[in-house]
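Just so it is clear, none of the values below were taken in a lab; they were calculated from the coordinates. Predicted, not measured: the structure shown is a model, and the values here were computed from it. Cβ: placed from backbone, ideal geometry, glycine included. Neighbour counts: every protein chain shown.
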Amino acid sequence: MNPARIACIALALALCACATSAERLQYKQEELAIYEKHAGAPVDHIRSFRLLGWQPAGDTSILLEARLNEWYWIEVDPPCFDLPYAQKIGFKMTMNTLQSRFDDLLVGPEQCRIRSIRPIDYRAAREELAALRRR
């Protein structure tokens, strides 16, 4: 294969990768906007906290299921470098109560201070996200 043809193919692949990255970034921004839209006012704590499920929601936040179908948007102080790639998380807290501004989200060796806890209408957010994916 001639070098000019190889260069054209490489350029085309690079342009496709850039377009895909831009689309992914736009989708992530729209996803965060949907979660924020469905989040309520901040609360100081979650009593009788039990971790049932979670998922990353950006570089400094997670969605957390504390009780069956009771979800919260947890934001932490930056930097929390490993959060977007975390496979497991933990919490440093006191007496089964998760408190904003006092407790920490554990991601590997990092301790990320919890900045805010907001209840979220997870079902409504998921329905809106499903509609976004169908576009």
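Relative to the longest principal axis of the Cα atoms of the chain, the long axis of helix 122-134 lies at roughly 10 degrees.
Would you order Glu30, Glu23 from fewest to most other beta-carbon atoms within 10 Å of each residue's own beta-carbon? Display every interim value, and only then the final one.
Working: Glu30 13, Glu23 10.
Ranking Glu30, Glu23 by Cβ neighbours within 10 Å, fewest first, gives Glu23, Glu30.
A value for Cα extents along the principal axes in Å was derived from the coordinates, and within the list [x] 37, 33, 27; [y] 68, 35, 21; [z] 41, 32, 28 it appears as [y]. Please give the helix 3-37 orientation as an angle from the longest Cα principal axis of the chain, in degrees from 0 to 90, rounded to the nearest 10. Around 20 degrees separate the two axes.
Can you sort Arg123, Arg135, Arg118 so the residue with the fewest Cβ neighbours within 10 Å comes first? Walk me through the intermediate numbers first.
Working: Arg123 11, Arg135 6, Arg118 19.
Least crowded to most crowded, the residues run Arg135, Arg123, Arg118.
How do Asp104, Asp77 rank when sorted from fewest to most other Cβ atoms within 10 Å of their own Cβ? Spell out each step's value before the answer.
Numbers: Asp104 18, Asp77 14.
Fewest-to-most Cβ neighbours within 10 Å comes out as Asp77, Asp104.
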